[in-house]
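The values are calculated or read from the model by the stated rules, or taken from the named source; none is laboratory data. As the structure is a prediction and not an experimental result, all values here were calculated from the model. Don't worry about glycine lacking a Cβ; one is built from the backbone with ideal geometry, like all the others, and counts go over all protein chains shown.
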């Protein structure tokens with residue numbers, strides 16, 4: 001507080017010394033030339049001048065700075081929830097400059113953040129629009145064709161209704177995934193934590209996706225023969241969704257006659273890390289930072305042809321974070337990708 005008072009009155013004190021010194025000097029020269037030098041009078045005038053100058057300078061400068069700074073604060077909405085009080089004003093220009101520079105830096109960061117958010121919002125809305133309108137237009141096209149007379153042909157009617165139904169199923173799939181992400185983001189999804197064997201869960205996923213992988217002749221395998229179960233504590237259903245999404249992605253973007261390999265390793269005392277590795281097309285560095293965003297696609301055309309909601313990796317990230325765990329990705333273009341995440345080990349392992 002003492003330092004602040006010194007800084008606040010520094011300008012007024014310096015100005016007062018300058019004014020009183022000049023006036024005293026001029027008056028002293030005047031009295032000396034007249035031959036009537038009165039030292040007590042000169043001292044009284046110097047003290048009085050100093051006192052009056054200090055009050056006038058301090059009050060006027062404070063009032064000037066307060067009014068102008070208040071106007072600036074109001075213009076840039078600095079005073080969101082606090083009021084500017086005259087007692088907080090300092091006449092030290094260095095302090096004022098520091099405050100204004102700090103404010104400018106903070107506002108620049110805020111503006112940059114808002115620009116990033118606005119860009120993300122535009123991308124998200126564009127992607128949502130595209131993902132929804134594609135199946136909607138497909139369904140609408142088949143229905144309009146049926147209404148135009150195609151429904152009179154029994155075979156054609158059945159064929160078009162089946163295709164329209166696929167479009168509706170895709171819409172439902174997207175809406176369900178969006179609903180799941182919303183619940184994960186707001187913490188509205190209650191996790192059912194239990195102990196289970198992660199190896200058995202992975203084997204179940206392999207069995208479910210065996211036919212999908214066979215279409216591209218991709219082998220689903222472990223990195224080694226695991227002879228003992230590895231128990232973890234998590235929501236079994238949600239972790240199965242995580243592994244399913246990661247394996248589906250590895251198949252979708254994998255090379256013909258490729259491999260998707262899963263490994264489980266001890267990370268630290270109470271953690272394991274699950275890795276899903278493929279030798280597919282890989283992801284370039286420019287896309288790695290954004291692949292967990294909703295609807296973000298590396299290949300705008302090819303990935304849509306492969307199907308899916310475009311929400312798989314976003315769901316994976318949210319589920320893992322809901323468990324207070326971490327997810328990582330490493331990838332080299334034309335070499336392959338590795339997604340890994342951590343889970344807490346269960347007591348049953350010991």
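Some observations on this one:
- Qualifying position, being touching a residue at least 40 places away in the same chain (Cβ under 8 Å) and touching a helix residue (DSSP H, G or I) at 6+ places or on another chain (Cβ under 6 Å), among 267, 246, 209, 199: 209
- Of all residues in the range 207-216, one or more are exposed (fewer than 12 other Cβ atoms within 10 Å of the Cβ), over 26 Å from residue 238 (Cβ atoms) and in the same structural domain as residue 318 (by TED's automatic domain parsing).
- If you go through the range 119-149 and pick out every residue that is more than 20 Å from residue 178 (Cβ to Cβ) and modelled with pLDDT of 75 or more, you end up with 10.
- Just one of the listed residues (272, 262, 276, 247) is modelled with pLDDT of 85 or more, part of a helix (DSSP H, G or I) and closer than 22 Å to residue 199 by Cβ, and it is 247.
- Within the set 78, 55, 84, 96, the sole residue that is modelled with pLDDT of 70 or more and either surrounded by 11 or more Cβ atoms within 10 Å (Cβ to Cβ) or over 24 Å from residue 14 (Cα atoms) (or both) turns out to be 55.
- Some residue of the range 292-303 being part of a loop (DSSP other than H, G, I, E, B) and modelled with pLDDT of 85 or more: no
- Which numbered condition residue 113 misses (of (1) modelled with pLDDT of 70 or more; (2) in a helix (DSSP H, G or I); (3) surrounded by 12 or more Cβ atoms within 10 Å (Cβ to Cβ)): (3)
- Counted residues, the range 162-210 - those being under 25 Å from residue 128 (Cα atoms) and assigned to a helix (DSSP H, G or I): 25
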